[in-house]
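The block underneath contains the structure these notes are about, expressed in structure tokens.
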């Protein structure tokens with residue numbers, strides 16, 4: 001008898017939970033409205049507002065045995081200065097993996113615009129598909145390396161220069177304020193970095209880890225004041241820094257219409273920063289707690305050899321054909 005009563009009570013309780021339909025709709029911000037649409041016990045609509053980070057905890061406490069579908073929120077501008085992330089890329093086995101990793105970082109950043117520039121004569125369809133899937137605000141551009149440098153047989157080539165200059169061109173044509181940052185797809189980024197560079201007034205700088213034999217590239221700060229540079233390759237450069245070690249104000253760039261990155265391997269950063277004149281090392285805005293923290297790492301994915309050709313006689317009309325296109 002007690003068993004029957006217990007089972008009946010459990011069924012009634014379960015049906016009560018099922019009678020509550022929850023709908024989460026986007027509001028154009030990072031807030032969600034959770035609406036109790038219908039209840040057999042209560043007809044009143046209950047509206048609660050949760051932020052994106054607390055929605056899962058709130059739903060778990062209300063209904064521990066059910067799940068809630070969270071649609072990706074639109075970026076909440078909140079008056080934040082826009083961030084323009086310029087990422088040069090090129091076709092290789094690691095390309096999609098690295099762009100995927102970076103995209104998942106940028107999805108956590110507010111008011112960001114991703115400018116992806118391929119060193120190619122036409123856009124890679126797989127890259128376009130990836131960008132669409134992220135639901136980020138983005139621009140997909142192409143900027144092939146000039147033939148005169150591509151045909152160079154000896155010495156390093158100026159990789160990424162045409163890409164970055166194309167990104168700068170887009171900013172000049174489309175942006176009026178905010179900050180831009182050259183974010184290569186093979187680096188690792190702390191989210192705090194984006195919070196800090198967002199308020200750059202001219203040019204901000206910060207340490208980059210895992211680079212050169214010294215392990216770090218950074219401005220030297222003594223008693224809270226800039227006093228030089230620490231880098232494994234000085235080479236007489238006025239600004240011996242890594243590409244990931246600085247951010248620039250859009251307005252500062254717009255006031256310098258001739259600023260560009262030179263096609264000079266090893267001197268790309270130095271040449272670009274010098275083209276921002278009048279600008280001196282003493283004008284640098286020091287971030288990352290006076291350059292005592294590392295918020296970006298030059299990790300670099302292990303290079304992979306191109307995959308072996310697929311045996312179409314054996315594997316045609318299989319999933320391997322599509323996978324082969326991804327692997328290069």
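The values are calculated or read from the model by the stated rules, or taken from the named source; none is laboratory data. None of these values were measured; they are calculated from a predicted model. Every residue, glycine among them, receives a Cβ derived from its backbone with ideal geometry; neighbour counts consider all protein chains shown.
Numerical summary
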| quantity | calculated |
| --- | --- |
| Qualifying position, being outside any helix (DSSP H, G or I), within 30 Å of residue 155 (Cα to Cα) and not assigned by TED's automatic domain parsing to the domain that holds residue 146, among 318, 301 | 301 |
| Selection status of residue 94, at pLDDT below 95, surrounded by 15 or more Cβ atoms within 10 Å (Cβ to Cβ) and closer than 26 Å to residue 245 by Cα | yes |
| Residue match in the range 226-240 (condition: within 23 Å of the chain's Cα centre (by Cα) and farther than 22 Å from residue 188 by Cα) | no |
| Complete set of residues in the range 276-313 that are at positive phi and crowded, with 17+ Cβ neighbours inside 10 Å | 288, 291 |
| Residue in the range 246-257 that is assigned by TED's automatic domain parsing to the domain that holds residue 175, free of Cβ contacts under 8 Å to residues at least 12 places away in the same chain and not in a helix (DSSP H, G or I) present | yes |
| Residue, modelled with the lowest pLDDT, within the range 134-153, restricted to residues that are in a helix (DSSP H, G or I) and more than 14 Å from the chain's Cα centre (by Cα) | 150 |
| Selection status of residue 161, under 29 Å from residue 110 (Cα atoms), out of contact with any strand residue (DSSP E or B) (no Cβ under 7 Å at 6 or more places or on another chain) and surrounded by 14 or more Cβ atoms within 10 Å (Cβ to Cβ) | yes |
| Selected residue (criterion: farthest from residue 180 (Cα to Cα)) from residues of the range 258-274 that are over 26 Å from the mean Cα position of the chain (by Cα) and outside any helix (DSSP H, G or I) | 264 |
